[in-house]
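Reading through the C-alpha coordinates given below for one structure.
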Amino acid sequence: MIEFNDVVKSYTVGNTALQGVSMRIEDGEFVFLVGPSGSGKSTIIRLITGEIKPTKGSVHVNSYDLEHMRKKDIPYMRRTVGVVFQDFRLIEKKTVYENVAFAMRVIGATEKNIRERVPYVLELVGLEDKAKRHPNELSGGEQQRVAIARALVNNPSMIIADEPTGNLDPARSYEIMLLLEQINELGTTVLVVTHERELVERFTKRTIVIDDGKVISDGMDGYYHYENE
(Lines give C-alpha, C1' and ligand atoms only; values in the text may rest on other atoms or scores of the structure.)
Protein backbone atom coordinates (compact mmCIF):
# COMPACT_ATOMS: atom_id res chain seq x y z
CA MET A 1 0.00 0.00 0.00
CA ILE A 2 2.63 2.54 1.13
CA GLU A 3 6.29 1.62 1.38
CA PHE A 4 9.23 3.91 2.11
CA ASN A 5 12.69 2.37 1.85
CA ASP A 6 15.50 4.45 3.38
CA VAL A 7 14.01 7.67 1.99
CA VAL A 8 16.04 10.86 2.10
CA LYS A 9 14.56 14.16 0.92
CA SER A 10 16.68 17.29 0.67
CA TYR A 11 15.22 20.56 -0.58
CA THR A 12 18.37 22.70 -0.52
CA VAL A 13 21.93 22.29 0.65
CA GLY A 14 21.80 21.82 4.40
CA ASN A 15 18.00 21.38 4.47
CA THR A 16 17.25 17.66 4.73
CA ALA A 17 13.59 17.08 5.57
CA LEU A 18 13.78 13.28 5.76
CA GLN A 19 16.82 11.31 6.90
CA GLY A 20 16.50 7.67 5.90
CA VAL A 21 12.81 7.01 6.60
CA SER A 22 11.60 3.43 6.20
CA MET A 23 8.00 2.34 6.87
CA ARG A 24 5.30 0.16 5.42
CA ILE A 25 1.53 0.68 5.72
CA GLU A 26 -0.54 -2.30 4.64
CA ASP A 27 -3.83 -2.35 2.79
CA GLY A 28 -6.70 -1.76 5.22
CA GLU A 29 -4.68 -0.30 8.12
CA PHE A 30 -5.57 2.78 10.18
CA VAL A 31 -2.38 4.63 11.07
CA PHE A 32 -1.55 7.89 12.83
CA LEU A 33 1.52 9.80 11.65
CA VAL A 34 2.50 12.23 14.38
CA GLY A 35 5.24 14.66 15.30
CA PRO A 36 5.92 18.34 15.92
CA SER A 37 5.95 21.05 13.27
CA GLY A 38 8.95 20.72 11.01
CA SER A 39 9.42 17.02 11.75
CA GLY A 40 8.86 15.89 8.16
CA LYS A 41 5.14 15.00 8.13
CA SER A 42 4.26 17.33 5.24
CA THR A 43 7.17 16.02 3.18
CA ILE A 44 5.90 12.47 3.63
CA ILE A 45 2.44 13.51 2.38
CA ARG A 46 3.94 15.27 -0.64
CA LEU A 47 5.94 12.14 -1.46
CA ILE A 48 2.89 9.88 -1.15
CA THR A 49 0.82 12.08 -3.48
CA GLY A 50 3.61 12.31 -6.05
CA GLU A 51 4.07 16.06 -5.66
CA ILE A 52 7.79 15.56 -5.09
CA LYS A 53 10.29 12.72 -5.53
CA PRO A 54 12.79 11.37 -3.00
CA THR A 55 16.41 12.50 -3.16
CA LYS A 56 17.46 8.96 -2.22
CA GLY A 57 15.59 5.74 -1.51
CA SER A 58 12.28 4.53 -2.93
CA VAL A 59 8.59 5.24 -2.40
CA HIS A 60 5.86 2.84 -3.53
CA VAL A 61 2.16 3.75 -3.33
CA ASN A 62 -0.52 1.31 -4.45
CA SER A 63 1.92 -0.59 -6.72
CA TYR A 64 3.30 2.60 -8.26
CA ASP A 65 7.04 3.26 -8.00
CA LEU A 66 6.99 7.03 -7.52
CA GLU A 67 10.69 7.51 -8.21
CA HIS A 68 10.44 6.07 -11.73
CA MET A 69 6.78 6.77 -12.47
CA ARG A 70 6.03 8.40 -15.81
CA LYS A 71 4.45 11.83 -15.63
CA LYS A 72 1.33 10.63 -17.48
CA ASP A 73 0.73 7.99 -14.79
CA ILE A 74 0.64 10.47 -11.87
CA PRO A 75 -3.10 11.32 -12.27
CA TYR A 76 -3.97 7.60 -12.22
CA MET A 77 -1.93 7.06 -9.06
CA ARG A 78 -3.58 10.06 -7.40
CA ARG A 79 -7.04 8.63 -8.07
CA THR A 80 -6.16 5.81 -5.68
CA VAL A 81 -5.49 8.33 -2.88
CA GLY A 82 -8.10 10.68 -1.41
CA VAL A 83 -6.75 13.65 0.57
CA VAL A 84 -8.59 15.57 3.30
CA PHE A 85 -7.12 18.93 4.33
CA GLN A 86 -7.35 20.98 7.51
CA ASP A 87 -8.85 23.98 5.71
CA PHE A 88 -11.60 21.99 3.88
CA ARG A 89 -10.90 23.64 0.46
CA LEU A 90 -14.54 23.65 -0.58
CA ILE A 91 -15.86 25.75 -3.47
CA GLU A 92 -18.05 28.35 -1.78
CA LYS A 93 -20.33 28.98 -4.78
CA LYS A 94 -21.16 25.30 -5.21
CA THR A 95 -23.62 23.30 -3.11
CA VAL A 96 -22.56 20.31 -1.03
CA TYR A 97 -23.71 18.00 -3.83
CA GLU A 98 -21.88 20.02 -6.48
CA ASN A 99 -18.65 20.12 -4.44
CA VAL A 100 -18.59 16.33 -4.22
CA ALA A 101 -19.75 15.81 -7.81
CA PHE A 102 -17.02 18.14 -9.06
CA ALA A 103 -14.35 15.64 -7.96
CA MET A 104 -15.99 13.04 -10.20
CA ARG A 105 -16.39 15.38 -13.17
CA VAL A 106 -12.69 16.22 -13.05
CA ILE A 107 -11.84 12.60 -13.90
CA GLY A 108 -14.53 12.30 -16.56
CA ALA A 109 -17.22 10.35 -14.70
CA THR A 110 -20.61 10.08 -16.39
CA GLU A 111 -23.60 11.98 -15.03
CA LYS A 112 -25.28 8.63 -14.35
CA ASN A 113 -22.37 7.52 -12.16
CA ILE A 114 -22.37 10.89 -10.39
CA ARG A 115 -26.10 10.64 -9.61
CA GLU A 116 -25.54 7.18 -8.15
CA ARG A 117 -22.32 7.77 -6.23
CA VAL A 118 -22.71 11.25 -4.69
CA PRO A 119 -25.87 10.51 -2.64
CA TYR A 120 -24.22 7.33 -1.37
CA VAL A 121 -21.13 9.08 0.01
CA LEU A 122 -23.20 11.95 1.43
CA GLU A 123 -25.28 9.39 3.32
CA LEU A 124 -22.08 7.68 4.49
CA VAL A 125 -20.83 10.92 6.08
CA GLY A 126 -24.25 11.83 7.47
CA LEU A 127 -25.02 14.76 5.17
CA GLU A 128 -27.75 13.35 2.92
CA ASP A 129 -30.09 16.13 4.10
CA LYS A 130 -27.56 18.91 3.39
CA ALA A 131 -26.96 18.24 -0.32
CA LYS A 132 -28.45 21.57 -1.45
CA ARG A 133 -26.72 23.70 1.17
CA HIS A 134 -23.64 25.84 0.48
CA PRO A 135 -20.47 25.61 2.59
CA ASN A 136 -21.18 28.87 4.40
CA GLU A 137 -24.45 27.38 5.68
CA LEU A 138 -22.61 24.51 7.39
CA SER A 139 -20.68 24.17 10.63
CA GLY A 140 -16.96 23.46 10.57
CA GLY A 141 -17.55 19.80 11.34
CA GLU A 142 -20.09 19.53 8.52
CA GLN A 143 -17.70 21.21 6.09
CA GLN A 144 -15.03 18.66 7.01
CA ARG A 145 -17.54 15.88 6.36
CA VAL A 146 -18.12 17.32 2.88
CA ALA A 147 -14.35 17.29 2.34
CA ILE A 148 -14.24 13.64 3.43
CA ALA A 149 -17.13 12.79 1.07
CA ARG A 150 -15.25 14.49 -1.77
CA ALA A 151 -12.12 12.48 -0.97
CA LEU A 152 -14.16 9.24 -0.95
CA VAL A 153 -16.35 9.80 -4.00
CA ASN A 154 -13.91 8.34 -6.55
CA ASN A 155 -13.55 5.21 -4.41
CA PRO A 156 -9.84 5.49 -3.53
CA SER A 157 -8.13 2.63 -1.75
CA MET A 158 -6.58 5.08 0.71
CA ILE A 159 -7.52 8.29 2.53
CA ILE A 160 -4.86 10.67 3.82
CA ALA A 161 -6.27 13.11 6.37
CA ASP A 162 -3.85 16.00 6.90
CA GLU A 163 -4.62 17.62 10.27
CA PRO A 164 -8.34 16.97 9.64
CA THR A 165 -9.41 18.28 13.04
CA GLY A 166 -7.12 21.31 13.26
CA ASN A 167 -9.98 23.81 12.82
CA LEU A 168 -12.54 21.97 14.95
CA ASP A 169 -13.47 21.92 18.62
CA PRO A 170 -12.80 18.71 20.64
CA ALA A 171 -16.32 17.30 20.25
CA ARG A 172 -16.37 17.76 16.47
CA SER A 173 -12.81 16.45 16.26
CA TYR A 174 -13.85 13.24 17.96
CA GLU A 175 -16.81 12.86 15.59
CA ILE A 176 -14.55 13.24 12.55
CA MET A 177 -12.18 10.60 13.93
CA LEU A 178 -15.10 8.21 14.49
CA LEU A 179 -16.17 8.78 10.88
CA LEU A 180 -12.67 8.02 9.60
CA GLU A 181 -12.66 4.89 11.75
CA GLN A 182 -15.97 3.83 10.18
CA ILE A 183 -14.56 4.43 6.69
CA ASN A 184 -11.56 2.27 7.60
CA GLU A 185 -13.85 -0.52 8.81
CA LEU A 186 -15.46 -0.51 5.36
CA GLY A 187 -12.06 -1.40 3.87
CA THR A 188 -10.34 1.90 3.06
CA THR A 189 -6.80 2.44 4.33
CA VAL A 190 -6.64 5.58 6.50
CA LEU A 191 -3.55 7.63 7.33
CA VAL A 192 -4.21 10.50 9.75
CA VAL A 193 -1.46 13.09 10.04
CA THR A 194 -1.77 15.10 13.24
CA HIS A 195 0.00 16.71 16.16
CA GLU A 196 -3.02 16.42 18.48
CA ARG A 197 -1.83 14.10 21.22
CA GLU A 198 -5.24 13.88 22.94
CA LEU A 199 -6.93 12.48 19.83
CA VAL A 200 -4.24 9.87 19.25
CA GLU A 201 -4.48 8.69 22.83
CA ARG A 202 -8.25 8.16 22.56
CA PHE A 203 -7.87 5.68 19.71
CA THR A 204 -5.85 2.48 19.98
CA LYS A 205 -4.22 2.57 16.56
CA ARG A 206 -0.79 2.05 15.12
CA THR A 207 1.13 5.29 15.59
CA ILE A 208 4.24 6.25 13.62
CA VAL A 209 6.19 9.02 15.32
CA ILE A 210 8.51 11.19 13.26
CA ASP A 211 10.89 13.84 14.58
CA ASP A 212 13.75 15.66 12.88
CA GLY A 213 13.14 13.70 9.68
CA LYS A 214 13.46 10.28 11.32
CA VAL A 215 11.01 7.61 12.50
CA ILE A 216 11.58 7.41 16.25
CA SER A 217 8.70 5.11 17.18
CA ASP A 218 6.20 2.81 15.48
CA GLY A 219 3.68 0.94 17.62
CA MET A 220 0.10 0.09 18.46
CA ASP A 221 -0.29 1.71 21.86
CA GLY A 222 -1.56 5.03 20.52
CA TYR A 223 0.88 6.96 22.69
CA TYR A 224 3.84 9.09 21.71
CA HIS A 225 6.31 11.59 23.06
CA TYR A 226 7.80 14.66 21.48
CA GLU A 227 8.73 18.16 22.56
CA ASN A 228 5.93 20.66 22.01
CA GLU A 229 6.71 23.50 19.69
Can you work out ³J(HN,Hα) from phi for every residue in the range 84-89, in order, using Karplus 6.51 cos²θ - 1.76 cosθ + 1.60 and θ = phi - 60°, giving whole Hz and x for Gly and Pro? 10, 9, 5, 9, 6, 6
5 angstrom amide H check on GLY82, placed H, neighbours 5+ away: MET158, ILE159, ILE160
Which residue, chosen from VAL209, VAL125, TYR97, occupies the Cα position most advanced towards the positive end of the dipole of the chain, where the dipole is computed from +1 (Lys, Arg) and -1 (Asp, Glu) charges on Cβ about the Cα centre? TYR97
Taking θ = phi - 60°, what integer Hz values does the Karplus form 6.51 cos²θ - 1.76 cosθ + 1.60 yield along the range 98-103, in sequence order, with x for Gly and Pro? 5, 4, 6, 5, 4, 5
Tell me which trypsin sites (Lys or Arg not before Pro) from the range 117-176 have a DSSP coil assignment and no more than 16 other beta carbons within 10 Å of their own. LYS132, ARG133
Percent of accessible area on the chain owned by carbon and sulfur, 1.4 Å probe? 47 percent
Taking amide H atoms as placed 1.01 Å from N in the peptide plane, list the residues 5 or more away in sequence, or in a different chain, whose amide H sits under 5 Å from that of SER217. VAL209
Using each residue's phi in the range 176-191, evaluate 6.51 cos²θ - 1.76 cosθ + 1.60 at θ = phi - 60° and report the 3J(HN,Hα) Karplus result to the nearest Hz, with x for Gly and Pro. 5, 5, 4, 5, 5, 5, 4, 4, 4, 5, 7, x, 8, 5, 10, 10
Counting heavy atoms of the protein chains only and a 1.4 Å probe, report the per residue accessible area for the range 40-126 as a whole number of Å². 55 Å²
Sequence gap of 8 or more, or different chains, plus Cα separation below 18 Å: how many lysine pairs satisfy both in the chain? 16
How would GLU163, GLU51 line up by accessible area, probe 1.4 Å, largest first? GLU51, GLU163
Taking springs between alpha-carbon atoms closer than 10 angstrom, which of ILE91, ILE159, ILE183 fluctuates most in the Gaussian network model of the chain? ILE91
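The values are calculated or read from the model by the stated rules, or taken from the named source; none is laboratory data. Computed from a predicted model, the values in this text were never measured in an experiment. Ideal geometry is used to build each Cβ from the backbone, glycine not excepted, and the neighbour counts take in all protein chains shown. The accessibility values were calculated without ligands, DNA or RNA, using every heavy atom of the protein model including side chains. Shrake-Rupley method; radii C 1.70, N 1.55, O 1.52, S 1.80 Å.
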